[in-house]
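Remarks on the structure that follows.
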Amino acid sequence: MTVGGPARAVGVMLGVAFLALVWAYMAYTFGPLPALAVFASAGVVAAVVWQPMTGVYLGVLAIPLELFEFRVGGSFGLSASELVFLLTAVVAAFHFAARARTIPTSPVFAWFVGLLLVGVLGLFFAEDTFVIARILFMWTAFLIVAALVASGTASEVERVLQTVAFTGGIVGVVALATTGDQQLIGGGVIASNRAEATFAHPNVLAFYLQLSIPLALVTGMRARGLGRVVLLAAGALAVAGLMLSLSRSGIVGAAIALAILLAWAPFRRYAGALLLILTVFALANLGSLQDSSVGLVAQRLSTINAEGVRDNPRTKIWRATPDIVADYPFVGVGMGNFGEISPRYGVRDIGGLAYDHAHSLVLTFAVETGLIGVFLFLAFVFAIARAGVRALREIDSPGFPLALAIVAGLTGLFITSIAEYPPRTNVIMALMMVLIGALVAYERLVTARAAKA
């Protein structure tokens, strides 16, 4: 045995002993939990600095802690996942600058940068420039994280998707455990005790779960042994949590995502068998189902009709939006400033409160970034769609089902966004950018594979 082996072992033991003494001192001085938090934070920083992709895994895993925020400068609150993603973005930027990783070139990222530049203009004229600065700061970090994911290997990207799927199951468990007795009012137009889980609103829960469900099903079917059981169970729990959110647009978006997954032959076989089982079960238990949560979901979805749309408060917002765009046509009123302007056009929520957004992805961009911003956003969406088509052009590619799951989730969310604005919540925007980065990675891998053939 060489001298280096025992010396290295002694050094490790001394280092561990020193860290134990430091922790004991901190625990005695500040308490065990703060001391543990400091050591855990140091471990996270070290892991991300050593391997930045670890930050993506940890950032996603921290999403179930979304309600816990660290307050910096009063109203500037950062959740655990936001902090990890910011750290990851900083480390990834250094890796890109040092050429430790190659920055992936994609029109997707180029159009998004253009959208951010239009947002910068709002700093010179908007009423609330702080919210613009925060959005630009966070979205730039999410863009760097997306580029990091896009530069990853096939195994790294798949682990990212598995992590998203797993956390969807955790969030589903929290939704099941924290939701009380649900009731519908006005024929289903209003719902009480909608599940929120670890988020601030039921629709945010729906956004997250409808992105994670396709990933859970596909990664679960690709896994083996215990991994398959865990991921498929996560998918089932995510579906249950989505139903408890009673989000009509979220449920419709998830249904569209599952329909897209039918393009993958293995999923078609499982889906056909599952549909047959559910049909037989439903016919045998029709009476009890009408009084259950399933009946509530069905009644809630039945309000998606012409009368329901006409009576929806969103229509008041949508009618006023063209007038706002006409008054601020080119670069809008500034990112995040919809609520500063809309009350002047008679758009107020119950109690006179201002709406945060236009309850529509395209209309919100139209108001906040003007027609130039809408053009850049639609070009961004088109570039994503193009990347998806390229990633799916080889049906026998190993990454085909995973790319299909991403396309399914993003498509479902885009349909949902007709009447919602998912980017309003940072954690949803972060997840969207992570999945967009993964899609660009699969486009790159398929292109490289075709070039070698």
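Read-outs: derived from the displayed coordinates by stated rules, not from any lab. Being a predicted model, the structure only gives us computed values, none of them experimental. Quick reminder, even Gly has a Cβ in these numbers, built from the backbone with ideal geometry, and neighbours come from all protein chains shown.
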> Given a Förster distance of 41 angstrom, what is the FRET efficiency for Ala263 paired with Val90, based on the Cβ-Cβ distance and rounded to 0.05?
Replying inline: 0.60
>> I'd like the FRET efficiency for Arg99 and Ile395, computed as 1/(1 + (r/R0)^6) with the beta carbon distance as r and R0 of 35 Å, rounded to 0.05.
In response: 0.50
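Sorted by mean Cβ packing within 10 Å, highest first, what order do the peptides 446-452, 234-240, 137-143 take?
Working: 446-452: 11.4, 234-240: 23.3, 137-143: 19.6.
Highest mean packing first, the order is 234-240, 137-143, 446-452.
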> Assuming R0 = 56 Å, what is the FRET efficiency of Ala326 and Arg224, from their Cβ-Cβ distance, to the nearest 0.05?
Replying inline: 0.45
>> Testing the spin-label approximation: label points 7 Å from Cα along Cα→Cβ at Arg344 and Lys452. State their distance in nm.
In response: 5.8
> How would you order 398-410, 112-124 from highest to lowest mean count of nearby Cβ atoms within 10 Å?
Replying inline: 398-410, 112-124
> So between Phe125 and Ala354, what do we pick up on full extension, going 0.36 nm a residue minus the alpha carbon distance?
Replying inline: 80.4 nm
> How far apart, in nm, are two points set 7 Å out from the Cα along the Cα-to-Cβ line at Lys316 and at Ser41?
Replying inline: 4.4
